[in-house]
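Engineer: Once you've had a glance at the structure underneath, I'll fire off some questions.
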Amino acid sequence: MVRVADNDIIEQALDVYQQCDSGIDSGYYASIHSTSRQYKEDVDRELQQIVWPPCDRILLDHQCLVAAMMVKPPTGSTVVPVHQDWNTIDESRGAGLTCWMPLTPITRVEGLMRVLPGSHHYLQGLRGSPGFPNPYQEIAERIDRELMIDVEVQVGEVMVMDGRLLHTTGQNTSGRTRVAAYMNAIPEDAQPLHFYRRDDGGVEGYQVDRAFFTSFNIGEQPTGELFLQLANYERPTITMPDLLRMHRSTKRPLARRRAASLLAPDRLQSETVA
């Protein structure tokens, strides 16, 4: 974690949350879950101006692909299950960076960020909309319970992680709305991509532009230049012994390390490759 934002930046970002209506009033949502293109465009534009510049100062040669709000109201289901973020670039050269910035305090009762350190090194595959095979689905609860670590991120700090890293956040039981800003950062010269899985199990890959992520609705067939077609796409189920074996092969112990050592500022660049 790196402290990047002062109170003025946080207040400006919260004003965006207050002034832009998502049309969603219960349960967890991210901006891109809304069907309002205007809302998604407004949030993206404003957050790019407010919270991306301080993040840009700590990232070398990256651009913000999309910025969004991630909101947990005090009502409805707000658990974000164990998952990896979408592919947004060709991952043979790295991955998109998830920049996660709390705008309100986040403690255990609001749902701390939890991660499996090192999992981005061995959990590879296509991920996109509206739903892709999840090879660790059957053991997700065990992964969370037995292996994942809490990451405490303060208001004004940003957590930067490889989008392939397994992560989750718990139910908001605080009685207050939890708000965080999200930015997906990619190398400046990278081509943005999105993968779409059809109802028949086939997958299509599209080269897209920045506007795509605020203009499409999840579940719709993407627009863009088609560059990949797969008749069927599946990922073999991963068992707990499989996961432990893959993790050991990276020579990264499963010891519960301090989160600060996992994402120290001088490692922000090296964690995006390898």
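Engineer: Say R0 is 45 Å: what FRET efficiency, to the nearest 0.05, do E188 and T75 get from their beta-carbon distance?
Structural biologist: Efficiency, from the Cβ-Cβ distance: 0.65.
Engineer: Apply the a/c threshold of 1.5 to the C-alpha gyration tensor of the chain and tell me whether it is rounded, prolate or oblate.
Structural biologist: It comes out rounded by the Cα gyration axes.
Engineer: In addition: Test of understanding: extend the Cα→C-beta vector of Q207 to 7 Å, then name every residue of region 78-92 with backbone N under 14 Å from that spot.
Structural biologist: Answer for this model: 89-90.
Engineer: Give me the one-decimal nm value for the distance between modelled label points at Q18 and D6, 7 Å along each residue's Cα-to-Cβ direction.
Structural biologist: 2.0 nm
Engineer: How would region 31-128 be classified by its alpha-carbon gyration tensor: rounded, prolate or oblate, with rounded meaning a/c under 1.5 and the a/b versus b/c comparison settling the rest?
Structural biologist: Because its axes are fairly even, with a/c under 1.5, region 31-128 counts as rounded.
Engineer: Follow-up question, since we're still on this one. With an 8 Å cut-off on Cα pairs and a minimum separation of 6 or more residues, tell me the relative contact order of region 1-75 in percent.
Structural biologist: Working: 71 pairs, mean separation 30.1, N = 75.
RCO, region 1-75: 40 percent.
Engineer: Roughly how big is the chain's charge dipole about its Cα centre, with Cβ charges of +1 (Lys, Arg) and -1 (Asp, Glu), in debye to the nearest 20?
Structural biologist: For the chain, the charge dipole is close to 1140 debye.
Engineer: Dividing the alpha-carbon Rg of region 97-202 by 2.2 N^0.38 Å yields what?
Structural biologist: That works out to 1.20 for region 97-202.
Engineer: Pick out, in residue order, every one of the GluC sites (Glu not before Pro) in region 140-218 that is DSSP loop and has at most 11 other C-beta atoms within 10 Å; say none if there are none.
Structural biologist: E188
Since every read-out is calculated from the coordinates, none of them should be taken as a lab result. No experiment lies behind these values; they were computed from the predicted model shown. Because the Cβ atoms are built from the backbone with ideal geometry, glycine has one as well, and the counts that use them run over all protein chains shown.
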